[in-house]
Structure formats: C-alpha cells, structure tokens
1. If you check every pair at least six apart or on different chains, which have Cβ atoms under 9 Å apart with a residue in segment 32-53 that is in contact (Cβ under 8 Å) with a residue 40 or more places away in the chain first and a residue that is open to solvent by 30 Å² or more (accessible area, probe 1.4 Å) and among the β-branched types (V, I, T) second?
2. Give me the helices (runs of 4 or more DSSP H) completely within segment 1-76, filtered to those with at least 3 residues that are more than 25 Å from A91 (Cα to Cα) and among the aromatic types (F, W, Y), ordered by residue number.
3. Taking the condition of being open to solvent by 50 Å² or more (accessible area, probe 1.4 Å) and among the β-branched types (V, I, T), how many residues in segment 1-26 meet it?
4. Quick one: would you say L80 is without any contact (Cβ under 8 Å) to a residue 60 or more places away in the chain and buried (at least 19 other Cβ atoms within 10 Å of the Cβ)?
5. If a residue must be over 11 Å from the mean Cα position of the chain (by Cα) and surrounded by 14 or more Cβ atoms within 10 Å (Cβ to Cβ), how many such residues does segment 27-43 contain?
Amino acid sequence: EAYYYTALGAVFLAEEELEEARGAFDRAIGLNPKEVAPYVNRGEVNLREGKILEAAQDFAKAVELDPKFEDPLTQRARVLAAAALEMIENATADDKK
C-alpha cells in the first residue's frame, strides 16, 4: 500500500534519515505513481540533499497530478518548486560572476 510507504518516508524525513526516506517514497511512487504526497516529500528530500533539479522535477510532477490544487500538498509543492527554481537561478547568477 503506497500510503504506508509515504507515511514511513515522512517519519524517516522527520528524523533526517534521508536515504531511508527516499527509498520509502520511491516505493510509494512505484506502487501508486498517481499519488501526490510521495512526490512532494521526495522533492523535499532532494532539496535537503542539494539536488535542486530533481526536487523541481518532483514538485512539477505533483502539480501535474493535481492541476486544480485540490490536494493541500500541491500548494506546498508549488511553493517549494518556486524556492527550488530560485536556488537554481541564484546558483546560475553566482556562476556568471
């Protein structure tokens, strides 16, 4: 059941056990690729690991799955995606200096 893997991943994420969290979210996505929550949470794992592009891709997938923003996590994905894009833009600007 994808729900339980997502919940387990959330526990690992809260404990900063990022590798275990990623594994649980990957499993949840494998079981139900149309569920928003594991993409949002895996995106947060990616952000914490400095994998900004991967994070942005996960957040974009969450928004794609819920274009009407019916799930509150989709709004979180939008906010985190904006933050990820800003980080990419800042890194690009720093590289040009």
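1. Short answer, once both residue conditions are applied: V36/V63.
2. Details: elements: 2-14, 18-31, 36-48, 52-65.
Passing ranges, in order: 2-14.
3. Going through segment 1-26 one residue at a time, the tally reaches 1.
4. Working: without any contact (Cβ under 8 Å) to a residue 60 or more places away in the chain: yes; buried (at least 19 other Cβ atoms within 10 Å of the Cβ): yes.
So L80 passes the test.
5. Of the residues in segment 27-43, the ones over 11 Å from the mean Cα position of the chain (by Cα) are 27-35.
Filter again for surrounded by 14 or more Cβ atoms within 10 Å (Cβ to Cβ), leaving 27-29, 31-32, 35.
Qualifying residue count for the region: 6.
The values are calculated or read from the model by the stated rules, or taken from the named source; none is laboratory data. Quick caveat, the model's predicted, so the values are computed rather than measured. With ideal geometry, Cβ positions are generated from the backbone for all residues, glycine too; neighbour counts draw on all protein chains shown. What goes into the accessible areas is simple: the full protein's heavy atoms, side chains included, and nothing from ligands, DNA or RNA. Shrake-Rupley method; radii C 1.70, N 1.55, O 1.52, S 1.80 Å.
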